[in-house]
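To keep things clear, I will list the structure first and then write my remarks on it.
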Amino acid sequence: MAESAEQDPQHAGALAGGYERLRSAVLSGGAGGWRLGHAVLSASGMVAWMRAVTELAPAANPAPLTPLPAADADQVVAVLAQMMLPLVA
């Protein structure tokens with residue numbers, strides 16, 4: 001069984017920090033609140049928001065990114081350029 005926020009101060013601190021970021025985004029009137037779970041909080045309440053943030057939050061130590069080899073990067077740029085050309089033409 002997972003530990004509750006009361007048993008894990010670090011988890012509680014992460015939830016509090018997440019809530020304060022959400023609160024700040026909503027109070028500022030910006031459109032970024034949806035990224036922080038504003039819809040979940042509004043529609044389903046605090047407990048649902050806490051569960052969603054806990055389940056969907058990125059890992060504390062994500063795997064390091066490995067850069068693409070130069071040849072692959074050139075191909076990616078070429079594909080992206082081909083996708084954008086019809087939009088600006």
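Listed values, structure above:
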| quantity | calculated |
| --- | --- |
| Only one of Gln75, Gln10 that is at pLDDT below 75, loosely packed, with under 13 Cβ neighbours inside 10 Å and part of a helix (DSSP H, G or I) | Gln10 |
| Every pair of residues 6+ apart whose Cβ atoms lie under 8 Å, when the first sits in the stretch 70-89 and is on the phi < 0 side of the Ramachandran plot while the second is open to solvent by 90 Å² or more (accessible area, probe 1.4 Å) and of a type in the set (A, V, I, L, M) | Val76/Leu68 |
| Residue ID - nearest to Gly17 (Cα to Cα), chosen from residues in the stretch 28-52 that are in a helix (DSSP H, G or I) and at pLDDT below 85 | Leu36 |
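The values are calculated or read from the model by the stated rules, or taken from the named source; none is laboratory data. Values in this document were obtained by computation on a predicted structure and should not be read as measured data. For neighbour counting, all protein chains shown are included, and Cβ atoms are generated from backbone atoms with ideal geometry for every residue, glycine included. Each accessible area value is taken on the protein alone, full model and side chains, heavy atoms only, with ligands, DNA and RNA left out. Shrake-Rupley method; radii C 1.70, N 1.55, O 1.52, S 1.80 Å.
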